[in-house]
1. Considering Ile63, Ile99, Ile78, which residue is closer than 20 Å to Ala199 by Cβ, open to solvent by less than 40 Å² (accessible area, probe 1.4 Å), in contact with a Gly (Cβ under 9 Å, 6 or more places away or on another chain) and modelled with pLDDT of 95 or more?
2. Could you give every pair whose Cβ atoms fall below 7 Å, whose first residue belongs to the range 87-98 and is more than 24 Å from Ile243 (Cβ to Cβ), and whose second residue is buried (at least 24 other Cβ atoms within 10 Å of the Cβ) and among the acidic types (Asp, Glu), counting only separations of at least 6 or pairs across chains?
3. Scan (1) of a type outside the set (D, E, K, R); (2) surrounded by fewer than 19 Cβ atoms within 10 Å (Cβ to Cβ); (3) within 30 Å of Gly263 (Cβ to Cβ) for the single condition Phe146 breaks and write down its number.
4. Within the range 267-315, count every residue that is under 15 Å from Asp44 (Cβ atoms), part of a loop (DSSP other than H, G, I, E, B) and more than 22 Å from the chain's Cα centre (by Cα).
5. Looking for something in contact with a helix residue (DSSP H, G or I) (Cβ under 7 Å, 6 or more places away or on another chain) and outside any loop (DSSP other than H, G, I, E, B) - is there at least one such residue anywhere in the range 153-161?
6. Assess whether Leu269 counts as being modelled with pLDDT of 95 or more and crowded, with 22+ Cβ neighbours inside 10 Å.
7. In the list Ile91, Ile125, which residue meets the criterion of being closer than 28 Å to Asp27 by Cβ and touching a Ser or Thr at 6+ places or on another chain (Cβ under 7 Å)?
8. Where residues in the range 134-152 are free of Cβ contacts under 8 Å to residues at least 24 places away in the same chain and outside any helix (DSSP H, G or I), which of them is farthest from Trp65 (Cα to Cα)?
Amino acid sequence: MKPIRYTKEMVDEFVREGYWTNETFYDFWDRNAREYGDREALADSKYRVTWAEAKRLVDAMAISWVEMGIPKFARVIIQSPNSVYGFLSRIACERAGLISLTVYPYLRQKELEYMVERTEATAVIIPHIYRKFDYLDMYKSLQQRFPHLKYIFLFDDQVPDSAPEGTYSLTHMVGERIKRPVDEAVLAECRLDPIWNVALLTTTSGTTGLPKLVEWPLAPRVCTSKGRVDIWGLNKDDITMAIAPHAGGAAGTLTYFAAPLVGAKTVMLEEFTAEGALELIEKERATAIGVVPTHLVRMLEADTSKYDLSSLRFIRSAGGYLSPQVAEEAEEAFGAAITSDLGTQDMGSVSGCRVEDPKELRRRTVGRMLPGNKVRLMNEDRTAEVPEGEPGILYFRGPHAPAGYYRDEELTATVFDPDGWTTTGDIVKFDQGCLWILGRAKDMIIRGGQNIYPAEIEGLLNEHPKVASVAIVGYPDREMGERCCAYVIPKAGQAFTFDEMVQFLKEKQVAMFKLPERLIVVDEFPAVGDSGKVNKEALKKDIKARIEAEQGGN
């Protein structure tokens, strides 16, 4: 299956410059089995496997699917909690020449119905029951609607009598097949071309509430993984840990994609509790963890001093906004650096901070552009580049981008131009070699003809000792066009006043036109779906309604 967006000229450029290679992720597992065969590769609460054992399991799984007649390029949905077999099934799909779509365990029939239909999935890999939810029953229903869904593979050791035809125990199947030799030549025929074959599908949030599917060959994912290995300084002695689901970027980028490139071990936390995560870090001597901000907040609420966390080197937090205050507390409690970066499922990876970067850069920037990425900062009309040193709308292109939306050239063309340029819509500036995000173009506030970038004021107010979190939005004003309002969540037990805010910003020598002209203190912010990101559109509606109510009362 050929990627829909890449041109020969684009491919030749990235290959010539050394960013895209013929390496697959399985190649690294194969190398690790040869060079680090007796070292542990993966661990969860039930299984521990070495690199040599992992290769044998992957090969047995892959050859089983080939022998069952599942054709090359068939689509497979993997809905897996953090587990050794969840990991192995992903790499085994690649080994068997299958296109895998790994999704979060919390997705349900509405989202999965769309995915099964859109991908024409041949197989799914699931637990029977997880967190008291019956996945087998759900997919049995989907199988009745979509006859192309022929196979269900369970992570469980037993297949229940109620299971439909075509249901297999993945662990039993592999356990039996591993006893017999595997013909490497058969699997070699299944090898995916790292550039010219789609190998992976990922999901991203859609405006309709249904996810969009993004298609990836292996070359850009290997390229990005190498970039992450470099900025994180990963090596074979690291022990990475998936606290967030390995299906997502927060933990998956660190554990599934980056760790095998250097032979680093991965440990999986199946069920998150703050104490359970801290205990596992101590027990496994984890050096790097992948989390979403909520995990850090909850772990900080526990007594971290009870645990030996001295092995931790860095924390990869993604998938939502991490306030500087929480980052500061986490670094103090864990004794590990928190990295920041920029990237999206739709457009690929953009930039990242190095673990050893100064704290200010790791807090206030998203680091340096990843190798091979080219950047343009455009004016508000998006007609010309801004002068050097000025803020502008971020446009970029490079070897870290996906092929586009799955089998949808029209939708892909709304994100990438024919030369591969795309934009996140962020207003940014470059300083100290790093990318500073000043806000979204749609969130920029124009007060009396002067631009206010919300992220600039948010970054400063987050440094106030009484402030836990802040969001800056604009509101309509007849005289100025727009004015600026600060929504603030104070720290526990603290009161925060308008005068305190203004005085603090004046001490930071902020231009007077940037000072918020209203302060609204709240207990929490509305969020966008389950992303953890602040829903600024909801805040804009709130301040507009408040002002209209005030004016109506005069």
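1. Ile78 is the lone residue from the list that is closer than 20 Å to Ala199 by Cβ, open to solvent by less than 40 Å² (accessible area, probe 1.4 Å), in contact with a Gly (Cβ under 9 Å, 6 or more places away or on another chain) and modelled with pLDDT of 95 or more.
2. Arg95/Asp59
3. The failed condition is (3).
4. Residues in the range 267-315 being under 15 Å from Asp44 (Cβ atoms), part of a loop (DSSP other than H, G, I, E, B) and more than 22 Å from the chain's Cα centre (by Cα): 0 in total.
5. yes
6. Values: modelled with pLDDT of 95 or more: yes; crowded, with 22+ Cβ neighbours inside 10 Å: yes.
For Leu269, the condition - modelled with pLDDT of 95 or more and crowded, with 22+ Cβ neighbours inside 10 Å - is met.
7. Ile125
8. In this case the residue turns out to be Asp134.
The values are calculated or read from the model by the stated rules, or taken from the named source; none is laboratory data. None of these values were measured; they are calculated from a predicted model. All Cβ positions, glycine included, derive from the backbone under ideal geometry; neighbour counts span all protein chains shown. These accessible areas exclude ligands, DNA and RNA; they are computed on the full protein's heavy atoms, side chains included. Shrake-Rupley method; radii C 1.70, N 1.55, O 1.52, S 1.80 Å.
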